[in-house]
Amino acid sequence: MGLFDKVKKTTIESRRYEEKLYEVALEEVEAGEVRKGLYAKALAKSDGDKEKADGIYLKLRVQSIMDDIESEQIDRRDNERAYKALQELNARQVVEVEATDDKPTLENAKKKVKDTKFFVEKALTEDTYFVGGENWETLYSTSDLQGLHNWLDNNIK
């Protein structure tokens, strides 16, 4: 497909898109869902002629719908940029946490629950670590210290 054909196809698609928007605007009018401020603007542009105002209103409403769509696209792009920036910030924070040498040890696990209603202990008879609650019930147990730290990070605030 040549460049001229691509331009032509884009123009055709644009007209079909606009046609759909006019359909939406007309359906709103038929359902009695008229934006008063926009209709007032149409009346002003038509010098009070209600028949002309109806046609002008449709044009204004189509533009309004296109503005809403464009605004949403801008918001989405802004949100995507903000999300990407947040991910980059979180990635930097992970590196900073790793740099503090916060190794998965029993002592470090106990520090994580300090000043909470939870406690971390090692079982006396085996290499099992557990997290207990206020009533001494076992909330989580594992033989893997990294797993213990992961559980604490996800469950203890």
(message) Filter the range 37-50 down to the residues that are more than 15 Å from VAL62 (Cα to Cα) and not small (Gly, Ala, Ser) and list them by number.
(response) LEU43, LYS45, ASP47, ASP49, LYS50
(message) Could you go through the range 34-41 and let me know if any residue there is touching a residue at least 24 places away in the same chain (Cβ under 8 Å) and not in a helix (DSSP H, G or I).
(response) yes
(message) Against the condition loosely packed, with under 10 Cβ neighbours inside 10 Å, in contact with a Lys or Arg (Cβ under 7 Å, 6 or more places away or on another chain) and modelled with pLDDT under 80, how does GLU126 come out, does it pass?
(response) no
(request) Spot the failing condition for MET1; the list is (1) at pLDDT below 95; (2) assigned to a helix (DSSP H, G or I), and only one is missed. (result) (2)
(message) Filter the range 107-131 down to the residues that are under 34 Å from the mean Cα position of the chain (by Cα) and of a type in the set (Ser, Thr, Tyr) and list them by number.
(response) THR116
(request) Note down all Cβ pairs under 9 Å where the first residue falls in the range 120-140 and is assigned to a loop (DSSP other than H, G, I, E, B), the second is among the aliphatic types (A, V, I, L, M), and they're at least six residues apart or on different chains. (result) GLY133/LEU139
(message) Take TYR57 and tell me if it is surrounded by 10 or more Cβ atoms within 10 Å (Cβ to Cβ) and touching a residue at least 12 places away in the same chain (Cβ under 8 Å).
(response) yes
(message) Just the residues that are of a type in the set (Ser, Thr, Tyr) and farther than 24 Å from ARG16 by Cα, please, taken from the range 27-82.
(response) TYR39, SER46
(message) Can you confirm whether GLU23 is surrounded by 10 or more Cβ atoms within 10 Å (Cβ to Cβ) and free of Cβ contacts under 8 Å to residues at least 24 places away in the same chain?
(response) yes
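The values are calculated or read from the model by the stated rules, or taken from the named source; none is laboratory data. Quick caveat, the model's predicted, so the values are computed rather than measured. Methodologically, a virtual Cβ is constructed for each residue, glycine included, from the backbone with ideal geometry; neighbour enumeration extends over all protein chains shown.
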